[in-house]
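Structure, as structure tokens:
Every number in this text was worked out from the coordinates using simple rules, so none of it is lab data. The model shown is predicted, which means the values in this text are computed figures rather than measured ones. Because the Cβ atoms are built from the backbone with ideal geometry, glycine has one as well, and the counts that use them run over all protein chains shown.
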Amino acid sequence: MFWQFFNSRRDIIKEAKPNPAHKTLASMEESNDLSFIVTQNIDELHRKAGSKNIIEIHGNIWDLRCESCGMKDRLEKTDGSPVCSVCEEIIRPDVVLFGEAVRRLDEAIRVVKSADNILVIGTSSLVYPAALLPYEGKVSGANLIEINVERTELSKDVDYFIEGKAGETLPKIYNIMKKL
């Protein structure tokens, strides 16, 4: 049942395509206007769009991990419970499940603390500890720019709030920035 759930999610996700916001972020990285993407998404759409410096704090649905020996692998789909090629224990998707710690949090904190500007895009800002990351950057001197369809708890603390859908708004903003 566990693997059926994840396989059904993979079937949906593999058909998904990066939207214009994903592509704009990849362009920003390519032009050295963006250093890192810290994301809660497990769908790999940032990577599909061309981004390389991605910190996936909730893991990646295409990655597998053995909790016994630590082996990591990739898998598209399984009909049963796959076993580790190293220790033959059952392996699992390398995603954060409820009650588990997020991945690479120390690295994400280090990145936001060294940032000049932080884009907070399309999040409710309610999922912790990810919701704390913009504040970590803010106390270290970063400007916070929120792009969202509605205001969030974070909005009162940002330097700039831009209302709109990320896929429509971010490409327009970046095109204006490039002309300046």
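At-a-glance table
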quantity: Chymotrypsin sites (Phe, Trp or Tyr not before Pro) restricted to segment 98-180 and DSSP loop, no more than 12 other C-beta within 10 Å; calculated: Phe98
quantity: The chain: antiparallel DSSP beta bridges as a percent of all, rounded to 5; calculated: 40 percent
quantity: For segment 60-72, 3J(HN,Hα) per residue [Karplus equation, 6.51 cos²θ - 1.76 cosθ + 1.60, θ = phi - 60°, Hz, x = Gly/Pro]; calculated: 9, 5, 8, 9, 10, 9, 9, 6, 7, 10, x, 4, 10
quantity: 3J(HN,Hα) from dihedral phi, segment 116-127, Karplus parametrisation 6.51/-1.76/1.60, rounded to Hz, x for glycine, proline; calculated: 7, 9, 10, 8, 10, 10, x, 10, 6, 6, 10, 8
quantity: Estimated vicinal HN-Hα couplings, Hz - segment 139-156 in sequence order (Karplus 6.51, -1.76, 1.60; Gly, Pro = x); calculated: 5, 8, x, 6, 7, 9, 10, 9, 10, 7, 6, 8, 5, 10, 4, 6, 3, 5
quantity: Within the chain: Cβ-based charge dipole about Cα centre, in debye rounded to nearest 20 (Lys, Arg +1; Asp, Glu -1); calculated: 460 debye
quantity: Interchain or long-range residues, amide H under 5 Å from Gly59's placed H; calculated: Val96, Arg103
quantity: Selected from Trp62, Ala16, Gln40, residue furthest toward positive end of dipole (segment 2-179; charges at beta carbon); calculated: Ala16
quantity: For Ile147, residues with placed amide H under 5 Å, excluding near neighbours; calculated: Val120, Ile121, Gly122, Ile162
quantity: Highest-MSF residue in the chain out of Glu44, Glu29, Glu56 [GNM, Cα springs under 10 Å]; calculated: Glu29
quantity: Label selected from (i) 1.00; (ii) 0.98; (iii) 1.26, the criterion being Rg/Rh (Cα atoms, Kirkwood Rh) as computed here; calculated: (i)
quantity: Amide H contacts under 5 Å for Leu34, placed H, 5+ residues apart; calculated: Glu29
quantity: Angle in degrees between helix 166-179 and the longest Cα principal axis of the chain, rounded to the nearest 10; calculated: 50 degrees
quantity: Extended-chain gain in nm, criterion 0.36 nm per residue less alpha-carbon gap, Tyr160 and Glu15; calculated: 48.8 nm
quantity: Among 62-72, 114-124, the order from most to least packed when residues are scored by Cβ within 10 Å on average; calculated: 114-124, 62-72
quantity: Ser8 versus Leu97: modelled label distance in nm, points set 7 Å from Cα along the beta carbon direction; calculated: 1.7 nm
quantity: Dipole of the chain, positive direction: furthest Cα of Ser27, Gly164, Asn175, with charges on the beta-carbon; calculated: Asn175
quantity: Over the chain: helical MRE at 222 nm, DSSP H runs n ≥ 4 each giving -39500 (n - 2.57), nearest 500; calculated: -10000 deg cm²/dmol
